[in-house]
Amino acid sequence: MSTAPLPDPARSATRPADARPGKEPAGRRPGTGSRLRRPAVYALLSGGLLVMAAPFVWMALSAFKTKPELAASPPVWIPTEWTLANFQELLDKLDMPLYFLNSTVVATLVTVSNLLFCSMLGYALAKLDFAGRGKLFGLVLGTLMVPGNLMLLPLFVLMSRMGLIDTYAGLVLPFAAGAFGVFLMRQFMLSVPDELLAAARLDGAGEWYIFWRIVLPLVKPALATLAILTFLQSWNNFVWPLVATNNPDLYTLPVALATFATDPNRANGANGVLMAGSFLIVLPVLLVFVAMQRHFTQGLATAGMKG
């Protein structure tokens, strides 16, 4: 006959009084600390969101305010009388359709060229075996450490000698490809299985077919991320269009609005016009981000997992 083992008196003496088999001791319930920290984290993030969004909200609301409300002290956040007079005055004083067209053409061409050239170079660095591939990738990474403003003078001299000042080509070519885009596309394309590409080559597919029909559809999140970041940077680019254009007919929206703001004869007392112009500059970027938000979020979420 088998007998059950007797309890150990020493072990029973050290066990807490409220301890039971299968039950956590009091004060050690899982999730209690996280439930207490979660509201504090939400409050901190909400405060940071308010600080970051306050200037944009102020700008958007001020675009619809009357002149007395713009000059009111203390400031009036929500306009009591909504008006479109600032937008009408903006259209009267500036050729906004022309400047909007210039910004759209330049930003679109820069974005498309980056998607094409950065993805092509990223594919070569990730999936093609050639001499000096590692050194070339190191050179690409090295250019990320060079400040962009340091390249203004060499770019201006180069574009000037090529006769591209005051042209669309002079606004687009210096930014047709970027080191960050090459790095981003390479990292994503490393996740494409080599066996898939090898099978396509055995079936007789060429490198261009593999790149266009197999690899690019698999890296759509990276393409969307690169498109949004490139379009945003090009749309808001101010220094290079200011340096590379002397003809007002080639001004982009930031340059045209800044030129208007620094002209005391036209911008005196036109704060509402400046707010309306700033709102129109930001609006297309927001629309592009909202349209591609799902791919952008997916791209950022998976970027850290690429080998």
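On full extension of the chain, what length is gained from VAL146 through LEU158, given 0.36 nm per residue of separation minus the C-alpha to C-alpha distance?
2.5 nm
I need the phi-derived Karplus couplings for the range 50-56: 6.51 cos²θ - 1.76 cosθ + 1.60, θ = phi - 60°, integer Hz, Gly and Pro marked x.
5, 5, 6, 8, 4, x, 5
Each residue of the range 272-283 in turn: what ³J(HN,Hα) in whole Hz from Karplus with 6.51, -1.76, 1.60 and θ = phi - 60°, glycine and Pro shown as x?
Result, ordered by residue: x, 5, 5, 5, 5, x, 5, 5, 5, 6, 6, 4 Hz.
For ALA72 and LEU232, FRET efficiency with R0 = 30 Å and r from the beta-carbon atoms, rounded to 0.05?
0.35
Contour minus end-to-end for LEU190 and LEU287, with contour as 0.36 nm per residue of separation and end-to-end as the Cα-Cα distance?
Details: separation 97, 0.36 × 97 = 34.92 nm, distance 3.09 nm.
Extra length from LEU190 to LEU287 when fully extended: 31.8 nm.
Would you pull out the residues with amide H under 5 Å of THR167's amide H, same chain only if 5 or more places away, H placed 1.01 Å from N?
none
Taken together, the values in this text are just the output of simple stated rules run on the coordinates, not laboratory data. Treat the numbers as computed from the prediction; the structure is a model and nothing was measured. Cβ atoms come from the backbone with ideal geometry, glycine included; neighbour counts cover every protein chain shown.
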